[in-house]
Amino acid sequence: MSGDLDMTMMLVTHNAMRRDLRHLADAAEKLEEGDARGRESVRVGWETFKAMLRSHHEGEDRRMWPRMRAGLRGRPDDLAVLAAMEEEHERIEPLIRAVDQALARPDGAGALLADATDRFCGELGEHLTHEESAALPLVGVAMSAGEWERCLADMRGGGLAALRSAPEFFPWLIGEADPADRAAVLGRVPPPVRLLFQKVWLPRYARQPRWL
């Protein structure tokens with residue numbers, strides 16, 4: 001997709017988001033009014049998904065797009081793609097808030113949640129596809145492989161920020177991933193992280209009910 005650059009983390013992250021879009025759509029269809037336990041489980045899944053999505057978009061807006069914009073200077077068509085990515089992020093944010101509001105209602109289900117979910121899933125799904133087809137192929141034009149790896153590290157926060165988020169991030173990212181995606185991600189991290197994921201983080205994450 002982008003020459004020799006490793007897109008593993010971006011594509012696996014997108015796969016995790018698509019998985020949670022399916023969970024959310026399923027919940028909007030099946031959650032019954034008055035099902036407090038089910039609503040709480042959906043809320044926990046949604047809060048994790050929402051946090052991961054916002055963190056990802058913030059990393060792109062603050063770290064990735066500016067680097068790409070510098071590397072694509074003088075290429076107006078490519079710069080227009082980056083502008084479109086930012087505009088799509090802006091359109092997604094109010095749709096996140098609409099899902100929040102629907103889940104916060106006492107019934108936690110019904111037409112309001114179905115409508116908010118449908119609009120959010122449609123917009124984010126289209127954005128992920130657009131980013132993969134139009135923006136990610138430009139990364140290799142804008143950055144070297146080393147610059148890209150530094151960009152990914154910056155997007156994750158680096159240092160203590162990355163350590164603090166890792167116990168939730170990795171189980172969310174690959175806890176339900178297919179074996180190829182899981183192996184690809186774990187192949188990028190040091191052995192202690194792999195061990196913590198398998199023995200501590202994933203079992204702890206799995207004990208908390210999410211979605212339906």
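The values are calculated or read from the model by the stated rules, or taken from the named source; none is laboratory data. Just so it is clear, the structure is predicted and the values come from calculations on it, not from any experiment. Note that each Cβ is placed from the backbone with ideal geometry, even for glycine, and that neighbours are counted across all protein chains shown.
Values for this structure:
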item	result
Residue in segment 64-71 that is of a type outside the set (D, E, K, R), surrounded by fewer than 15 Cβ atoms within 10 Å (Cβ to Cβ), in a helix (DSSP H, G or I) and modelled with pLDDT of 95 or more present	yes
Matching residues in segment 10-39 - criterion: being more than 21 Å from the chain's Cα centre (by Cα) and in a helix (DSSP H, G or I)	GLU29, LYS30, ALA36, ARG37, GLY38, ARG39
Of the criteria (1) within 18 Å of the chain's Cα centre (by Cα); (2) farther than 30 Å from ALA36 by Cα, which one THR117 fails	(2)
Every residue from segment 99-119 that is more than 21 Å from ARG19 (Cβ to Cβ), crowded, with 16+ Cβ neighbours inside 10 Å and either at pLDDT 95 or above or not aliphatic (A, V, I, L, M) (or both)	GLY108
Residue ID - farthest from GLY110 (Cα to Cα), chosen from residues in segment 40-54 that are under 16 Å from the mean Cα position of the chain (by Cα) and loosely packed, with under 15 Cβ neighbours inside 10 Å	ARG54
Complete set of residues in segment 1-48 that are acidic (Asp, Glu) and modelled with pLDDT of 95 or more	ASP20, ASP26, GLU47
Residue that is farthest from LEU53 (Cα to Cα), among those in segment 179-209 that are touching a residue at least 40 places away in the same chain (Cβ under 8 Å) and among the charged types (D, E, K, R)	ARG188
